Every structure is written in C-alpha cells, then in structure tokens.
1. What is the helix-to-structure angle for 136-149, meaning the angle in degrees between its Cα long axis and the longest Cα principal axis of the chain, kept from 0 to 90 and rounded to the nearest 10?
2. For segment 213-292, which GluC sites (Glu not before Pro) are both in a DSSP coil and crowded by at most 14 other Cβ atoms within 10 Å?
3. Using the Karplus curve 6.51 cos²θ - 1.76 cosθ + 1.60 with θ = phi - 60°, what ³J(HN,Hα) values do you get for each residue of segment 362-377, in whole Hz, with x for Gly and Pro?
4. In nanometres, what is the gap between the two model label sites at His152 and Trp182, each 7 Å from Cα along Cα-to-Cβ?
5. Net charge near Pro233, counting Lys/Arg +1 and Asp/Glu -1 over other residues with Cβ under 14 Å of its Cβ?
6. Nearest 5 is fine: what % of DSSP beta bridges in the chain come out antiparallel, could you say?
7. How large is the direction-averaged shadow of the alpha-carbon convex hull of segment 229-304, in nm²?
8. All other residues with a Cβ under 15 Å from the Cβ of Gly218 taken together, and with Lys, Arg as +1 and Asp, Glu as -1, what is their net charge?
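The numbers here are math on the coordinates, done by the rules we state, and not lab data. None of these values were measured; they are calculated from a predicted model. We place every Cβ from the backbone using ideal geometry, glycine too, and count neighbours over all the protein chains shown.
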Amino acid sequence: MSDQPRRSRPRTTGKPYRRPQKDPVRILAFEALRAVDERDAYANLVLPPLLRKARESGDFDGRDAALATELVYGTLRRQGTYDAVIAACVDRPLREVDPPVLDVLSLGAHQLLGTRIPTHAAVSASVELARVVLGDGRAKFVNAVLRKVAQHDLDTWLEQVAPSYDDDPEDHLAVVHSHPRWVVSALWDSLGGGRNGIEDLLEADNERPEVTLVARPGRSTVDELLREEAAVPGRWSPYAVRLTEGGEPGAVDAVREGRAGVQDEGSQLVALALAAAPLEGRDERWLDGCAGPGGKAALLAALAAERGALLLASEKQPHRAGLVAKALDGNPGPYQVIAADGTRPPWRPGSFDRVLMDVPCTGLGALRRRPEARWRRRPEDLEGFAPLQRGLLRSALESVRVGGVVGYATCSPHLAETRAVVADILKQHPGAELIDARPLLPDVPALGDGPDVQLWPHMHGTDAMYLAILRRTA
C-alpha cells in the first residue's frame with residue numbers, strides 16, 4: 001500500500017455532487033447587507049461602487065442592477081417584519097442565528113413576501129446563495145426555514161405575528177410597517193395622533209423615493225435637466241427635477257460636472273425659505289454653519305450670488321468640508337469654505353445677515369433613503385444630539401446681526417430635536433423671536449398651524465425636514 005494519504009472525497013448519498021451555482025445579483029446583495037451589518041455602512045454608499053464594479057466586469061446589465069437594488073433596499077426596509085416571520089419559523093431566538101445566515105434568510109423572505117419572484121425560484125435561488133456563501137450544512141437550514149416562510153403570503157403572516165391594533169397599537173404598527181416601536185411612538189407624537197396619518201407615514205417610509213435633482217442657479221437650468229429621460233418638474237421647488245423611473249444621476253451631464261446636484265426637495269425648500277425670509281437692513285453676508293456635505297450650501301451660494309452676497313460655508317469635519325468645496329466649485333458669486341466648529345466659531349458675533357443651521361440629528365426624516373438607520377438608532381441617541389443642537393442654534397443667534405434671520409433645520413421630525421430645541425433657546429434668548437415660515441414656502445400645502453414648518457413624505461413627497469425661522473431682535 002502506498003504511504004500517501006488518500007484524498008477525501010465527497011460522501012455519496014445516491015446523488016452526484018453538484019457545485020453551487022453562483023448568482024452574481026444575489027451575491028452582490030448579500031455583500032451589501034453584510035457591509036451594512038458589519039461595518040455600520042449605509043446602503044446608499046455601499047451599493048453604488050459594488051454595482052459599478054459588477055457592470056465593469058460584465059456580470060451585470062441594467063435589469064440585474066435594478067434587481068440587486070430592490071433586494072438590498074427592500075430587505076432593509078422590511079427587516080422588522082421579516083424578523084418576526086423568520087422568528088416564527090425557527091426553533092431558537094433570532095439572536096442565536098448567525099448574522100450572515102439571517103441575512104440570507106431575510107433576502108429569501110423578501111423575495112417570497114415582497115416581490116413577484118415565483119416561490120420555487122425564490123427558495124432555490126436563496127438556497128444556492130447559502131451554498132456559495134455559507135456552505136452546504138447551513139444551506140439545508142436555510143432551505144427548511146424558507147419552505148416554512150413560503151407557506152403563507154405576507155398578509156397571512158402579519159395576521160399571525162403582529163399583535164392586534166386594539167391590544168397594542170404601537171407594536172402592531174411596528175411589526176406591520178417594519179419600524180422600531182420607539183420610532184412609531186415618536187412619529188405618532190409629531191403627527192399629533194390619528195391612525196390614518198401614522199399609517200400613511202410609515203407606508204411612505206417603506207416606498208422607494210424618486211431621485212430628485214437641483215438645478216443650481218447660474219450654472220444649470222431646469223429646462224436643461226428636463227431633457228433627461230423620464231424627467232419631470234419638481235412639485236414645490238422651482239429648481240427641482242424628478243427622475244420618475246429611478247434614473248442614474250451620474251449619467252446626467254450637469255450632475256457629473258457639478259452644475260446640478262442630487263438634493264431632496266425638502267432640503268431645497270429649507271434653503272429657499274431662508275433666502276426668502278424678510279430682513280431689516282443689509283443683505284450681504286450669509287452663513288451655512290453646518291454645511292457638509294454641501295447640497296444646501298451650493299444652492300444658498302447660488303442664491304446669494306444673484307444678490308451680490310457672499311456665502312461662508314463652515315463644516316467641522318475637514319473631509320466633509322472638502323465635499324462642500326467640491327459642491328461649490330464653479331459658483332457664479334463669491335464664497336468661502338472653512339473647517340470650523342460651529343459651537344466655537346472663529347467669526348465675530350453679529351457678522352451675518354442670514355444663517356442656516358441644519359444640525360446633526362437622528363435622521364428619522366430620511367428613512368426612505370436610509371432604511372437601515374431605523375434599526376441603528378436608539379432612543380438614547382437623542383440625549384447625545386441634544387447639547388450639540390442647542391449649542392449650534394445658540395451660536396447661530398449670536399452669529400447673526402440684529403434684524404437678521406436664522407434658519408434652524410433638522411432632517412428629523414422628532415419633537416425632541418425640533419420644537420423642544422427651539423423653545424429652549426428662545427427662553428435663553430429674549431432678543432429673538434419666531435417668524436412664520438409658512439409664507440416662505442408658497443404653494444406648499446398642509447404646513448400646519450405654524451409658525452414653524454414640518455414636511456412629511458406622505459404629504460409632500462419629501463424627506464421629513466423641519467424648519468424654524470428666527471429673527472434676532474436685540
């Protein structure tokens with residue numbers, strides 16, 4: 001006999017061994033979900049380079065890219081619902097299921113319950129993915145669980161796994177609409193009650209938003225952007241154009257050249273409202289005190305240029321200040337970009353006529369675009385942002401001259417980040433007053449009782465931006 005060890009061979013089971021079939025679309029979707037989970041990455045930052053690499057390799061066409069995008073975003077948006085369904089189909093707590101296995105199960109659940117992919121194809125494709133990325137042993141577990149998931153449609157599953165609305169309305173909405181319970185509660189408070197409003201909002205959070213462009217004045221025009229395929233005018237901003245079929249912004253010449261940008265209409269309206277606020281006296285120096293990554297600053301700088309005013313764009317993080325400089329490059333009027341802490345500014349008090357403070361926040365107003373944020377944020381995050389938000393608004397009021405105006409904005413509708421901050425600072429600054437922001441957004445409906453403004457995805461088709469306009473009186 002030879003002394004050489006025998007090579008191990010797959011054990012025969014009556015069926016020949018078959019190599020797993022690699023599916024580039026589902027492998028890419030899995031890689032994106034792992035990046036979101038392992039690195040706390042955002043899908044809107046992770047997915048584009050993965051898709052670009054796949055296209056360059058020849059593995060992907062447009063339909064493949066669309067399917068991969070739907071699998072990633074659909075799975076993230078519905079993660080809470082799918083977790084509840086999967087939990088009903090496994091014999092252990094979900095926290096004991098390895099995260100990569102749970103990602104494959106969630107992708108499979110989305111194909112079964114959230115798309116028109118046939119049941120057999122959804123299960124078999126998910127099992128093949130599991131064989132490639134997890135191994136044959138775990139693939140058997142995935143197969144068993146997804147076959148249980150496939151026994152019912154989504155509505156039937158929700159009847160089984162969600163508590164009734166009458167027994168626990170917040171938990172019912174959390175499971176049915178895939179939001180953490182605390183987020184449901186906070187959004188409901190901000191809306192002021194009523195079942196229809198909260199359900200409409202939660203449903204809107206789970207819809208794929210259109211891509212919205214901004215034509216930066218003096219650099220591009222709406223007419224130029226409307227020549228793009230499937231482009232239509234914005235609803236509220238005179239500078240907005242919507243790509244109704246999810247077009248690729250990078251393919252638009254004006255965007256690629258920096259003359260236009262990708263910017264939600266809510267963000268555009270905040271900049272337009274500040275620029276339209278009535279002033280007493282000169283109108284020469286504007287400040288964007290939290291300018292990164294540069295969308296609002298670019299629009300403000302262009303509006304300032306039309307009046308011969310200068311914009312100072314300040315951003316604490318140097319790398320984000322670099323993004324601001326890139327966005328403003330080519331602005332038709334004077335501007336300056338600096339890296340500075342807005343709570344300890346290097347400029348003198350009373351230096352500016354208009355100040356925008358779009359403060360860091362939980363981002364609960366942009367859950368359509370960053371669905372993973374709803375699972376990443378915690379109620380205690382509010383306590384971390386609170387001192388910074390108040391410090392920035394306090395600094396803004398000190399930075400504006402008497403008679404000048406300050407815009408306080410957040411991409412969050414949470415009352416602790418909006419009205420509570422403004423109310424606290426007004427108590428500390430008797431020389432400031434709220435002015436009615438609603439007339440500054442002409443033709444925009446459903447702006448509430450004022451004087452501040454809260455935009456909503458389900459009412460306005462925008463991110464849930466909040467805006468208060470304050471005037472310094474002394």
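1. 70 degrees
2. Glu229, Glu245, Glu257, Glu280, Glu284
3. 6, x, 5, x, 10, 5, 5, 8, 10, x, 5, 5, 5, 8, 8, 6
4. 2.9 nm
5. That works out to -3.
6. 55 percent
7. If you wrap the Cα atoms of segment 229-304 in a convex hull and average its projections, you get 5.8 nm².
8. -1
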